[in-house]
1. Looking at the stretch 163-203, which of the residues that are aromatic (Phe, Trp, Tyr) and in a loop (DSSP other than H, G, I, E, B) is nearest to ARG244 (Cα to Cα)?
2. Go through (1) exposed (fewer than 15 other Cβ atoms within 10 Å of the Cβ); (2) under 18 Å from HIS255 (Cα atoms); (3) under 30 Å from the mean Cα position of the chain (by Cα); (4) in contact (Cβ under 8 Å) with a residue 40 or more places away in the chain one by one and return the number of the condition LYS207 breaks.
3. Of the residues that make up the stretch 340-347, is at least one under 23 Å from PHE481 (Cα atoms), in contact (Cβ under 8 Å) with a residue 12 or more places away in the chain and in contact with a helix residue (DSSP H, G or I) (Cβ under 7 Å, 6 or more places away or on another chain)?
4. Output the residue which, of all residues in the stretch 294-327 that are within 22 Å of the chain's Cα centre (by Cα) and surrounded by fewer than 17 Cβ atoms within 10 Å (Cβ to Cβ), is farthest from CYS492 (Cα to Cα).
5. Suppose we keep only residues that are in a strand (DSSP E or B) and among the hydroxyl-bearing types (Ser, Thr, Tyr) within the stretch 468-507. Which one would you say is farthest from VAL408 (Cα to Cα)?
6. What is the one condition in (1) modelled with pLDDT of 95 or more; (2) at positive phi that ALA258 does not satisfy?
7. Right, LEU112: over 27 Å from TYR55 (Cα atoms), out of contact with any Ser or Thr (no Cβ under 8 Å at 6 or more places or on another chain) and surrounded by 18 or more Cβ atoms within 10 Å (Cβ to Cβ) or not?
Amino acid sequence: MKYVHFFLLLLGSLLFCKQAAAQFRSADNGNGTYTNPVIPADYPDPDVIRVDDVYYMVSTTMFVFPGVTVLKSRDLVNWEYCSNAVPRFDFSNCYDLDSCNRYGHGQWATSLKYHNGKFYLLFITLNEGGFLCSATRAEGPWEVKKLPKGFYDPGLFFDEDGRIYVAHGYSKISITELDNNFAPVTNDSLVYTGDIRRGLEGTHVYKINGYYYLYCTYGGPDGIQVALRSRNIYGPYEQKVVLRDTTRGINFGVHQGALIHTPANEWWTLLFVDSGPFGRFPSLHPVNWVDGWPMVGVDGKGVTIYRKPKTEKTYPVTSLPTSDEFNSKTLGMQWGWNHNPDSSAWSLAKRPGYLRLATAGIVSGLREARNTLTQRPFTHYDQSKSTMGITKMDIAHMKDGDVAGLAVFQDPYAFIAVKQQGSRKYIVMVNNGQTIDSVSFSGSSVYFRTIASNKSSKALFEYSTDNKTYMQIGNELAMKFSLSIFTGNKFCLFNYATKAKGGYVDVDWFRME
C-alpha cells in the first residue's frame with residue numbers, strides 16, 4: 001500500500017510541475033537578475049509604496065470589478081495578488097451596463113499611501129468624481145468613500161507637520177490642502193505648467209532631503225518622465241527630465257509611476273510602457289541621485305536585464321496565476337467582471353468544480369452583456385510566441401437565442417461561441433459584431449481556443465470536440481489598444497441571451513498557455 005501512496009504522491013508532483021510549467025515565466029531570471037517588464041501584462045498607472053519590508057502596488061482597472069488591484073512583493077520583481085480593493089462600484093447605473101457604460105472610464109490612476117497604521121487609495125472617475133479607499137491591512141477589507149471633490153491623477157501626500165495635500169492636474173499641476181476627511185480646505189493652487197509639451201500628469205509627491213518632489217510624466221506612447229522640485233510645497237518648482245528613452249523595444253517611452261526607497265538604501269522606480277494590444281506593462285528601473293535629482297536607468301536609458309534590488313533574504317520566484325480549474329469556492333483574484341456582475345446569475349457552488357454562467361439579461365451583443373468574466377493575457381518574453389486561452393464548456397442547457405463562448409475584447413473585439421437557434425446549435429465566429437462564419441454543432445460540450453500575439457496584434461479562434469484536434473473558424477482579429485476602452489485586450493468567458501433569460505452554461509476550466 002505504501003508503494004501505491006508513493007506513486008500517487010509522485011503523480012501529483014508531476015502534474016503540479018506540468019501545471020506550473022504552463023505558467024508564464026517570471027521576470028526573475030533566477031541568477032540575481034531580472035528582465036523587464038517585471039509583469040508582462042496590463043497593470044498600468046502603477047503606484048508603489050513600502051511598508052516595513054513589503055512593497056505594495058496599485059494599478060488602474062477602470063470598469064472591471066472586482067477592481068483597483070493591489071499586488072505585493074518582497075523584492076520588487078516577484079509579485080503576488082494582495083486584494084481587489086473595490087468589489088463592485090454602485091455609484092451609477094452605467095456600471096451595471098444599464099442603458100449606458102463606462103468603457104474608457106471608471107477608476108483612474110490611483111495614489112497609494114500608508115499613514116499612521118492605515119492604507120489609503122485615492123482615485124478619480126471621470127464621471128462620478130473622487131473616491132477614497134482605506135484599510136488597516138492591504139489585504140482588506142477596504143472601505144470605499146465618495147469624496148466631495150475629485151482630483152485628476154491625484155498624488156496624495158501626508159506631510160511631516162500633519163497636513164494633507166494632493167497634487168493633481170493635466171498639463172497644469174495644482175496643489176490642494178485637504179482636511180482629515182479628505183475634503184479641500186484651500187482652493188487649488190497652480191504650481192507648475194508643463195512646458196515640454198501638453199499632457200503633464202500622473203503626479204506623485206515625495207519629500208526627500210528637504211525638497212518636495214513632484215514625480216510626473218508627459219504621457220503618451222513616447223512618454224517622458226520628469227521630476228519637479230521645490231523647498232516649498234507650493235513652489236516655485238524647477239523641472240528635470242529624468243528619463244526619456246525612445247529606443248525602439250520594451251523601454252520605448254517608459255513613464256508614469258513611483259519612486260521607491262528600499263531598506264538597503266537603494267532607489268528604484270516602477271513605471272509602465274505602452275506595450276501593444278495587450279496593454280501597458282510595469283517596468284522596474286534603478287535610480288541614481290545626481291545633484292539632487294532622481295535620474296532613472298543607466299546612461300539615460302531604461303534597463304532590460306539588470307540586477308535585482310538588494311534584499312536581506314532571497315525570495316521565491318513567483319508567477320501570477322492565470323489558469324483556473326474553478327475548484328475553489330471563490331474566483332481567483334486574476335479575474336474581473338466587465339462592469340458590475342449580476343451576482344444572482346453566476347455561481348461556483350451550483351455545480352462544484354464548474355463556473356456556472358446564467359444569462360443575466362436580454363442584450364443585442366457582447367458589449368452590453370453582463371457577467372462577462374475577463375482576464376489579462378500575459379505575453380511571453382520570447383515575443384515570437386503567442387498566448388493561448390483555452391476553455392471547456394458544457395453547453396447542454398442553453399436556450400433559444402443564447403450565445404456563449406470565448407472572446408478577445410477591446411475595440412475592436414472578436415469571439416468564438418455556441419449560438420442556440422431553436423433546437424439547433426451552431427459554432428459562430430463574430431468579428432466586431434459581424435458574424436464571419438457559422439457551422440452546425442451537435443455536441444453537449446465544446447472546447448474553445450484563441451491564439452493571440454501581442455507582437456503581431458493578431459488573434460485567431462478555434463474549436464474542438466476532444467481538446468486534441470482544433471479547427472479554425474472565421475478570420476483573424478486585428479487587435480488594437482483603443483482609448484475608447486483604455487485597457488488592454490482581455491480574454492473573456494461569456495454567456496448572454498438575445499431572446500429570453502433562463503439558459504446557462506457550465507465552464508469546466510480556463511487555461512492560459
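The values are calculated or read from the model by the stated rules, or taken from the named source; none is laboratory data. Please read these numbers as outputs of a predicted model, since none were measured by experiment. Cβ coordinates were reconstructed from backbone atoms using ideal geometry, including for glycine residues, and neighbour counts include every protein chain displayed.
1. Among them, the one singled out is TYR170.
2. Among (1) exposed (fewer than 15 other Cβ atoms within 10 Å of the Cβ); (2) under 18 Å from HIS255 (Cα atoms); (3) under 30 Å from the mean Cα position of the chain (by Cα); (4) in contact (Cβ under 8 Å) with a residue 40 or more places away in the chain, LYS207 violates only (2).
3. Yes, that holds for at least one residue.
4. THR304
5. TYR504
6. The one condition ALA258 does not meet is (2).
7. Taking the combined requirement at face value, the residue does not satisfy it.
Residue-wise test of (1) in a loop (DSSP other than H, G, I, E, B); (2) of a type in the set (Phe, Trp, Tyr); (3) buried (at least 21 other Cβ atoms within 10 Å of the Cβ).
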site	(1), (2), (3)
VAL408	no, no, yes
PRO412	yes, no, no
PHE415	no, yes, yes
ILE427	no, no, yes
VAL439	no, no, no
GLY443	yes, no, no
VAL446	no, no, yes
